[in-house]
Amino acid sequence: MRKVIAQRAPAGFEALSLRWSSYFHIHHRHVARLRVGKIFIAGDAAHIHSPFGGQGMNTGLQDVWNLVWKLDLTVRGRGSEQLLDSYTAERYPVIKRVIETTHRLTQAMGTGSKLAQAARDAVIPALSRLNTFQRRFVQNLSELGISYAGSPIIEGPGNRFWDDSLRGGKGIESRFLLLVGADADQAATEAASQFSESLGSLVELRGVGQSGVTLVRPDGYVAYRGATRDIGAVLESIRSLLKRQAN
């Protein structure tokens with residue numbers, strides 16, 4: 001400790017005696033379910049893992065970001081049981097991947113094998129110079145590359161909706177965005193307009209220049225994307241997330 005302090009600390013700092021110490025054991029665990037009835041857990045209460053990669057806070061924030069809009073709709077009397085159950089369905093696979101990633105990082109960075117250390121020290125610098133690796137690494141560690149493909153409330157890959165229209169102001173707030181393309185016929189446009197008006201502040205209808213129809217969730221993930229002729233399926237997907245009073 002004195003050697004490290006001498007190398008890195010400001011002048012005048014000293015280590016004189018050891019008052020307390022303990023061993024830190026790296027391990028990982030996660031719960032089987034993130035929801036039991038009216039109880040929801042997130043963050044460190046739901047999963048713990050190696051600190052390599054600094055994923056603990058990011059994962060906890062993403063848990064809450066996924067959950068909070070679903071709870072908000074439910075508190076307002078509009079969220080369905082399917083919507084609440086989707087919290088576990090969407091976050092559980094992500095949590096497992098984070099634990100697997102941090103475990104592999106721990107094994108790679110903390111290995112005691114001289115041969116493995118030599119291979120690590122040669123391979124990682126070479127990979128880190130590749131643009132593809134850099135982009136993927138940043139997306140994984142920042143958790144901005146998360147998708148919810150396979151979610152019971154999503155049709156398609158379930159990626160984030162990256163668009164400048166979500167920047168600034170109040171953002172997306174606690175509502176769905178229904179983006180209808182310029183290729184929509186009058187019947188599709190009227191159906192979308194009547195539907196959004198019937199739900200008040202829960203759905204915002206926007207006309208966009210590109211073709212097709214897109215439904216963006218309150219957390220910024222794409223719940224549905226298709227042709228404008230599929231507008232009926234998009235509206236039904238919203239209804240399935242809300243209590244039937246939203247018909």
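Consider the range 30-60. How many of its residues are assigned to a helix (DSSP H, G or I) and in contact (Cβ under 8 Å) with a residue 40 or more places away in the chain?
Residues flagged as assigned to a helix (DSSP H, G or I) and in contact (Cβ under 8 Å) with a residue 40 or more places away in the chain within the range 30-60 amount to 3.
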Can you name the helices (runs of 4 or more DSSP H) wholly within the range 109-227 that have at least 2 residues being surrounded by 18 or more Cβ atoms within 10 Å (Cβ to Cβ) and out of contact with any Asp or Glu (no Cβ under 6 Å at 6 or more places or on another chain)? 186-198
The range 44-65: number of residues that are closer than 15 Å to Arg33 by Cα and polar (S, T, N, Q): 0
Residue among Gly37, Gly79 that alone is surrounded by fewer than 16 Cβ atoms within 10 Å (Cβ to Cβ) and not acidic (Asp, Glu): Gly37
Failed item, numbered, when Glu100 is tested on (1) in the same structural domain as Asn58 (by TED's automatic domain parsing); (2) surrounded by 13 or more Cβ atoms within 10 Å (Cβ to Cβ): (2)
Would you confirm whether any residue within the range 133-152 is farther than 26 Å from Arg33 by Cβ, of a type in the set (Ser, Thr, Tyr) and either in the same structural domain as Ile238 (by TED's automatic domain parsing) or out of contact with any helix residue (DSSP H, G or I) (no Cβ under 6 Å at 6 or more places or on another chain) (or both)? yes
Name the pairs whose Cβ atoms lie under 6 Å apart, with the first residue in the range 1-29 and at pLDDT 85 or above, the second among the charged types (D, E, K, R), and 6 or more positions between them or separate chains? Ala15/Arg2
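Only one residue in Ala182, Ala192, Ala188, Ala223 is among the small types (Gly, Ala, Ser), modelled with pLDDT of 85 or more, in contact with a strand residue (DSSP E or B) (Cβ under 6 Å, 6 or more places away or on another chain) and over 25 Å from Gly145 (Cα atoms), so which one is that? Write out each step before concluding.
Numbers: Ala182 fails: in contact with a strand residue (DSSP E or B) (Cβ under 6 Å, 6 or more places away or on another chain); Ala188 fails: in contact with a strand residue (DSSP E or B) (Cβ under 6 Å, 6 or more places away or on another chain); Ala223 fails: over 25 Å from Gly145 (Cα atoms).
One residue alone meets the criteria, Ala192.
The values are calculated or read from the model by the stated rules, or taken from the named source; none is laboratory data. Nothing here was measured: the structure is a model prediction, and the numbers come from that model. All Cβ positions, even for glycine, are placed from backbone atoms using ideal geometry, and neighbour counts span all protein chains on display.
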